Structure formats: C-alpha cells, structure tokens
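K.L.:
Shown below is the structure under consideration.
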Amino acid sequence: MDGPAETSSSSAAPVADDMIRLNWTRNSVYNTIISSEDNEIMYEVTTANLYSITKRLTTVTRLDKASGKKVFAGEIAWKALQIRTEVRVGWQNCEWILAQEWLKNSKGISTAKTFTAAQGTQYRWKFRDLKYHVRKT
C-alpha cells in the first residue's frame, strides 16, 4: 500500500474552523449573556425567583440580528425534585417535557448529553479539559 490506511468513523473530529468560541458574561446571579466573539450568536439566560423552590423559571432568548429584538428560545421550570424539572424549546406555546426526556445520555456512564434543538438538529454537550463543548451530531 502506498498511502495511509483508511479508517471509518461515524462523525469526523471537529477542527478549529468548525468550532465557535462562546463567551459567558454574568451580569448578575439572575442574568447571563452567551455570545460569540463576533456577536453573530447572542443568547440571554435569565432566572426570575432564583431562590424559590416552586416558582423558579429560567428563560433563554436569542438576539435576532436583523430586527434587533429578543426571540424566545426556551424555558426551564425548576422543580423541588430535580427529576420533575421541565423544559420547552422553540416557541412559547409548545409543550413542556421532562428535562430527562429532552437531555439524553446516549453513551452509558458518560456525563455527555445529547439534545434536540427546535429545528430538529441534534447537539452533543460534553465537559472536556475543564471546558464545555457543544457540537452537532
């Protein structure tokens, strides 16, 4: 054989050009901004009633660059029992589902999770080298 052996893989490893660095800016314990360095991606995460056990709601909005308005992206309704925490993603009138059903662990004992965005795209979220990584699956 003249060339290197070919290997098969279900998905290619991400390269530097595919990755986007996100900046997390915490304005207060109630408000966090997640944005890319060029501000093409910008989300705001706000939690009202942070210390309430029964009424704590986290809302995620994204900035629509064209209109300059905040657009609903999702909500998390925190419950006293973590297994009862619910999420809804996409639009404000969509159904609430249990967070455990939405955030799946498909790799056994791994702490990485897989979730589906509003448009049906699947993402994998994992913690590696003291950093969070999110990529399309």
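Laboratory data are not the source of any read-out in this text; all were calculated from the coordinates shown. Quantities reported herein were computed from a predicted structural model and do not represent experimental measurements. Counting neighbours? That spans all protein chains shown, and the Cβs are built from the backbone with ideal geometry, glycine included.
K.L.:
Taking 0.36 nm per residue of sequence separation and subtracting the Cα-Cα distance, how much length would be gained by fully extending the chain between THR116 and LYS136, in nm to one decimal? Numbers along the way, then the final one.
P.N.:
Values: separation 20, 0.36 × 20 = 7.20 nm, distance 0.97 nm.
Contour length minus Cα-Cα distance gives 6.2 nm.
K.L.:
Determine the gain in length on full extension of the stretch TRP125-THR59; use 0.36 nm per residue of separation and subtract their C-alpha separation, reporting nm with one decimal.
P.N.:
Values: separation 66, 0.36 × 66 = 23.76 nm, distance 1.92 nm.
Length gained, TRP125 through THR59: 21.8 nm.
K.L.:
Right, something else. Label points 7 Å out from Cα along the Cβ direction at GLU37 and LYS79: separation in nm?
P.N.:
4.2 nm
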